1. Examine the range B:209-221 for a residue that is within 24 Å of residue B:418 (Cα to Cα), in contact with a helix residue (DSSP H, G or I) (Cβ under 9 Å, 6 or more places away or on another chain) and touching a residue at least 24 places away in the same chain (Cβ under 8 Å), and state whether such a residue exists.
2. Which of the numbered conditions does residue B:302 fail, given that it passes all the others? Conditions: (1) part of a loop (DSSP other than H, G, I, E, B); (2) in contact (Cβ under 8 Å) with a residue 24 or more places away in the chain; (3) out of contact with any helix residue (DSSP H, G or I) (no Cβ under 9 Å at 6 or more places or on another chain).
3. Out of all the residues in the range A:142-161, is one or more in contact with a helix residue (DSSP H, G or I) (Cβ under 9 Å, 6 or more places away or on another chain), within 14 Å of chain B (Cβ to nearest Cβ), surrounded by fewer than 16 Cβ atoms within 10 Å (Cβ to Cβ) and within 19 Å of residue A:29 (Cα to Cα)?
4. Between A:95, A:103, which is facing chain B (nearest Cβ under 10 Å), over 30 Å from residue B:418 (Cβ atoms) and either part of a loop (DSSP other than H, G, I, E, B) or modelled with pLDDT of 95 or more (or both)?
5. For the range A:43-66, which residues satisfy the criterion of being within 28 Å of residue B:470 (Cβ to Cβ) and either assigned to a loop (DSSP other than H, G, I, E, B) or within 11 Å of chain B (Cβ to nearest Cβ) (or both)?
6. Scan the strands (runs of 3 or more DSSP E) fully inside the range B:16-104 and keep the ones with 1 or more residues being modelled with pLDDT under 90.
7. Looking only at residues that are at the interface with chain B (Cβ under 7 Å from one of its Cβ atoms) and under 21 Å from the mean Cα position of the chain (by Cα) in the range A:76-92, which one is farthest from residue B:425 (Cα to Cα)?
8. Residues of the range B:152-174 being assigned to a loop (DSSP other than H, G, I, E, B) and within 24 Å of the chain's Cα centre (by Cα), which ones?
């Protein structure tokens, strides 16, 4: 993993020389993530299926031709709840009081197109994929149970960015899917929900380098 | 892109990733052992691990010196750091030291770390056993209760010991729950000796139609003791759901017989019993059964189930492939018996309606090698020799076997699940069945007619489910 990240930095650092019109940017992202596995999430997270998410990304705009961008980044979402028991998909949720924490960390790459590049107001679309890491830990009176898994993921996104010069702000809507990452056991198996993805609404602060 | 821009980029880019990775690390760590923040004389704050109360071994600083450092330099360095006392470890030049009272530990640590002679210095933190909590009662005859060990009772009690707001109604020959002189017969009933602290709800005697559901046969007292005999009181045996309440309901006479009508009446009585605006009876134990069937009983079972009551019943003791009534009803959990080898007990009925099995014992064997010499289910009980001559005031350690003795294990487990928050009777059944230990070659998640879904494992059932973690993960 370290080698891959280092390689990404090296690649990105070298690119501007080949495309003088391009520019780098660093994004800080924060917003709300709502899981697709709504029933499972609501069961263990006391009625809520979403929460705060944040992360960051590196991007390079005007790859190959004007408006095309690539980005790599990562976000994290973690939420606390409790272990439950659900017998059937329509049955009641029994909350057992044993603390549980789940963390979802998507590491992604995106390719997209920015409309009206060069103007202050820039809408954009993108799609990409990556790896989503999942960690779940819970404790039943001293018995600590942990689960770690990673699965391939893909996403599509749309957003707008505003600003000129070095600092910009933006908003983005993103849908992600992580097939077969849930439903192995637990309530997600009862509800037959198999996807760790979901919708994210993100705000962005961008520091852009170059023209 | 300018040089300055590139320079900034190289600085900020890793930072963007570090946000994510740093958070990940902070979440992934094991919980700290009660950190406390101590003000140092620099006005900054240092986190030191503090031993929990009662621990006398933790605390102090660990200091390791480089190999070539001589003893006199070590002493000088420790003195300069404000060390009051210490002892050397058995290997290398490692010391466990305590600093003088007027020196802040964080300051001493800082000084030690700044010294060339010191290889490393750190707080002598604590480690703790990372083990599931268990509870072992002090009742002297608990060690004979092989049946409780078989169902993982100690781990179960580490999670849940039951709630007095959850009651198990024992529909049986009654329970020796009170001192009572029957004015009609002149018989003296005595409360069994090991009910210390046990909560009894007002029951009913449907055989004699009064409110004194005392035991004149002995069966019901033994069954009730498996559910909630007083536990950890340094006396006699333990009960599996010992903090739960009991309701004595007499439906079987002194010969052990009762009628469908009385059983139906008793089910309705228990399910509808109200105390402080609540319906405390959440489980009905039926260590009884017979051939035939009754629409009256079936409807009473359905009403109780709809009211949120779990009903468990004995599969029968004929060793045949037919589950007795009322255990065979869909609204009832039919309970079979296993012996101490986890084999189907020779007497235990079996069939497609069998839900789970529990220890019912086999008094003709001693695979558990207990000192009483028999794999019975042992509890407090009424002295059978005296009961036979109409005396109900003497109690002994009593061993019994049968699906009657297996059934209260399941009733108790159900009461514990309800105490934990799984209150829907269908969910209680599902939790017990899904987490049962598969026996007789049944596949994971499957069942067979000899063992149903398997041997109950209440600790697993109590643990419930995570988002993506099953009960057996």
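1. No, every residue in the range B:209-221 fails to be within 24 Å of residue B:418 (Cα to Cα), in contact with a helix residue (DSSP H, G or I) (Cβ under 9 Å, 6 or more places away or on another chain) and touching a residue at least 24 places away in the same chain (Cβ under 8 Å).
2. (1)
3. Within the range A:142-161, not a single residue is in contact with a helix residue (DSSP H, G or I) (Cβ under 9 Å, 6 or more places away or on another chain), within 14 Å of chain B (Cβ to nearest Cβ), surrounded by fewer than 16 Cβ atoms within 10 Å (Cβ to Cβ) and within 19 Å of residue A:29 (Cα to Cα).
4. A:103
5. A:43, A:44, A:45, A:46, A:47, A:48, A:49, A:53
6. B:35-39, B:45-49, B:83-88, B:94-99
7. Looking at the filtered set, the residue picked out is A:76.
8. B:152, B:160, B:161, B:162, B:163, B:164, B:165, B:166
The values are calculated or read from the model by the stated rules, or taken from the named source; none is laboratory data. All values derive from a computational prediction rather than experimental measurement. Cβ atoms come from the backbone with ideal geometry, glycine included; neighbour counts cover every protein chain shown.
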